[in-house]
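First comes the structure, then the notes that go with it.
The values are calculated or read from the model by the stated rules, or taken from the named source; none is laboratory data. If you're wondering where the values come from, they're calculated on a predicted model, not measured in any experiment. Don't worry about glycine lacking a Cβ; one is built from the backbone with ideal geometry, like all the others, and counts go over all protein chains shown.
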Amino acid sequence: MTHSADERGGLIADRDAQITSWTERLSRLAPHSAEAAELRRRIRAMNAEIDQLRGRPPARKRKRTVMKTSYVDHRSGADITLFDISDGLWEITRIKTPAAGRRQQGATRLLRRVCADADRDGVDLAIDATPYKEKGNISRAALVGWLSRSGFTRHPEGFLIRHPTA
């Protein structure tokens, strides 16, 4: 359907007002709730409609860049590696402390930093709490206990998750 310039201007203004309303509502929701995800989807669709009304070509879907981050404690040699795998979720893929650096609280310091950064950015942390099969490594029960002291809880799908705290 073809619209006159005045009609297009009115339609764009209406859609802009709706996006503003949804954005305000979104700011009051938990970032990872189903309702927030649905509002973000509606906002993207409404922006695409506005682009179409303005005669712009449809935006190409951009690839999501997965970002790898490593935290290192130079005193103990401990390191934590995580991937920013989606909006609002970081997956911890490695927590490692060399045998000579154990019992120095290096991994605990790093985990606190990771949790503080996740809280600041409002993202969940996920980890599959399976220890490496090397002599002298922490047991699964001890690893789960250590992670639970930092706020991780068991997810129904079996992994551990930590939601941001205020």
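Structure summary
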| quantity | calculated |
| --- | --- |
| Complete set of residues in the stretch 101-146 that are over 30 Å from residue 28 (Cα atoms) and touching a Gly at 6+ places or on another chain (Cβ under 6 Å) | 101 |
| Enumeration of residues in the stretch 129-166 that are charged (D, E, K, R) and loosely packed, with under 11 Cβ neighbours inside 10 Å | 133, 134, 135, 149, 157 |
| Filter result (under 21 Å from residue 106 (Cβ atoms) and of a type in the set (D, E, K, R)) within the stretch 134-164 | 134, 135, 140, 149, 162 |
| From 79, 73, 87, residue being assigned by TED's automatic domain parsing to the domain that holds residue 127, of a type outside the set (A, V, I, L, M, F, W, C) and at pLDDT below 80 | 87 |
| Cβ-Cβ under 8 Å pairs, at least 6 apart or on other chains, the stretch 40-56 side of a type outside the set (D, E, K, R), far side not in a helix (DSSP H, G or I) | 48/58; 48/59; 52/58; 53/3 |
| Every residue from the stretch 87-134 that is at positive phi and free of Cβ contacts under 8 Å to residues at least 40 places away in the same chain | 103, 105 |
| Residues within the stretch 100-127 that are surrounded by fewer than 12 Cβ atoms within 10 Å (Cβ to Cβ) and assigned to a loop (DSSP other than H, G, I, E, B), tallied | 1 |
